[in-house]
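Following: one structure in structure tokens, then a few remarks.
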Amino acid sequence: MEGTISRYYSSSCFSSTLNLSRYEKTNFQFNSNSTLMVDICSLRASISFSERDKASTFRTSKFTKRSNSGNPRQKEAPNLVKNKPILNSEISPHRAVAAVRLMRIEFGGAFADLLNEKGKGSGANEMGYVERTLGFHTRKLEDRDLRLVTDIVGGAIRWRRYLDHLIVSLCDDERTFRNMEPLLLQILRIGFYEIVKLEMPPYAVVDENVRLAKTALRPGAGNLVNGILRKLVLLKENDTLPLPKSEGDDRSRARALATLYSHPVWMVRRWVKHLGQDEAVKLMMWNNSAPSFSIRANSAKGFTRADLVKRLEELEVPHELSQHLDDFVRITTGMQIVLQAGLLKEGLCSVQDESAGMVVSIMDPQPGENVIDCCAAPGGKSLFMASRLSGKGMVSAIDINEGRLRILKETAKLLEVADVITTVHSDLRVFAEQNTVMFDKVLLDAPCSGLGVLSKRADLRWNRRSEDMEQLKNLQDELLDSASTLTKLGGILVYSTCSIDPEENEERVASFLQRHPEFRIYSVDKYVPQAFVTRTGFYFSDPVKHSLDGSFAARLIRYT
């Protein structure tokens, strides 16, 4: 595959850049002959590059990107070291790995969350990327180093706009920042994040990032890092970090908030309009916080939540029971331990946010029912619905991405629900036109902006544009119309998103009901706790209020 590799996703929560003229198509800019392999069971992914790529990736090719101010910056990476990779024990392993991973995310089109490799062997995999990119390797990456990589990469991505504001402010002039090599910029972002947000010992941070810049690039790059980081340390010690000025008109104030809380300006303006400034700030603070994760016990395999709790206690992983769903447990730390223990690979549990679990509760699949998941991949909701059928009935999982459907099918075998799941490779709109079968319950978990999952998807905020919203709304309308034709008389249609934006949620349902008077709203109050029920009977999880991913669902019944 040359140049642009087209990948197909039905859920925008997992897509990086949408080509919204077709909902199934997501374009990533990879170097030639690159492949992305996703393992749903272990939540790990790796990107393998051919020998041809090793000569071009990050170091000899030119990168063109835009700064937060919108000015183009031409990046030319340094020449690849052609000698056999050697051990450099003086370089901090977590910083070398973090710098390379940030390069892969920003310039390789890779996913920040999927690159969060946990589990056995992932340290060796990461060091392999360092060798191929920088021409040397460091000492072995231990579990503690890997956790630091996760923290630094996620934090540097979340806080990128704010960090770049500080870096620009401390450069001699803006041209220095605009012309900065990609790897050098990543090293500075790491150093700034470690000093400003992680509050690591500043002079150790300066020394080690200078060493990395000198070794990976050249002595002059190390000198530049040294000068800029030392300025930062002095300003932080004196509590005089340069802050954006929140003066002027609404746009100027939004730009200042966007810099201070590190979000795109268009998102900030949208949230201030819908929520007010105070709530918008709270939402951005939530998005910048370290995410927690929920684990669902796989009851289809006879593994109960009590069994899961017992295993977590044996592994000494801190946890708490979900207050909303019987099969779920929430953890804030220790995911790596869970993965290394093999609980996911054994099919005993799955990682799934409670907000997604409650959408399944709203579907309320019953044994013997014929259910369809219209945009199924990666399959979390399909698998959960299948586990609730007790071996009776069927979940048809439709998606346009054949590869991800194949993974879903393999995961269904692992979770022992394959007998009630059938996969269909198709565009929903085409399937609906050709299909004559009607279903008891229809789930449309629609492609959306993903604005409710920015805490977990650190990179997503930078890959969304305001222009996407209008195109997404048109797509959601088309898919809703198609899904409605699959719903039998008296059947249930559930429309859900992982967005908090009313234009993708309530307004799409209102528009649908105007076009389809044969459907009516069926309140979700019987299926989820009252705290998640809106005045109009919809389901809504608020990230700030509920400490969950933001999501929405409407339960509609077909009367005629």
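The values are calculated or read from the model by the stated rules, or taken from the named source; none is laboratory data. Because the structure is a prediction, the values reported are computed rather than measured. Don't worry about glycine lacking a Cβ; one is built from the backbone with ideal geometry, like all the others, and counts go over all protein chains shown. Only protein heavy atoms, including side chains, enter the accessible area calculation; ligands, DNA and RNA are left aside. Shrake-Rupley method; radii C 1.70, N 1.55, O 1.52, S 1.80 Å.
Data for the structure
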quantity	calculated
For residue 90, net neighbour charge (Lys/Arg +1, Asp/Glu -1) across residues whose Cβ lies under 14 Å away	+2
Cleavage-rule hits, GluC sites (Glu not before Pro), region 154-244, DSSP coil, Cβ neighbours within 10 Å at most 12	199
Calculated P(r) of region 93-238 - Cα pairs past 18 Å, %	53
Karplus-derived 3J(HN,Hα), 6.51/-1.76/1.60, for each residue of region 241-254, Hz, glycine and proline x	4, x, 10, x, 8, 9, 10, x, 7, 4, 5, 5, 5, 5
Surface accessible to a 1.4 Å probe, residue 462 within the full protein complex, Å²	50
Net charge, residue 163 excluded, C-beta distance under 10 Å - Lys, Arg +1, Asp, Glu -1	+4
Aspartates and glutamates whose Cα lies under 13 Å from that of residue 310, excluding same-chain neighbours fewer than 8 positions away	320
Relative frequency of Cα-Cα separations exceeding 15 Å in region 127-183, percent	66
26 Å Cα-Cα threshold exceeded, pairs from 140/214; 282/381; 381/545	282/381
Percent breakdown of C-alpha pair distances by 10 Å bin, ordered from the shortest bin, for region 303-349	27, 63, 10
Globularity ratio of region 354-558, using Cα Rg and 2.2 N^0.38 Å	0.96
Ordering of 321-332, 436-447 by packing [mean C-beta count within 10 Å, highest first]	436-447, 321-332
Size descriptor, Kirkwood hydrodynamic radius, that averages inverse alpha-carbon separations across region 454-548, Å	15.0
Sum of side-chain charges, residue 540 neighbourhood, beta-carbon under 13 Å (Lys, Arg +1; Asp, Glu -1)	-3
Peptides 455-461, 520-526 ordered by average Cβ neighbours within 10 Å, highest first	455-461, 520-526
Region 236-356, relative contact order in percent, only Cα pairs under 8 angstrom and at least six apart counted	21
Mean accessible surface per residue for region 235-275, computed with a 1.4 Å probe while every protein chain stays in place, in Å²	60
Relative contact order for region 412-560, counting Cα pairs under 8 Å that sit 6 or more residues apart, in percent	27
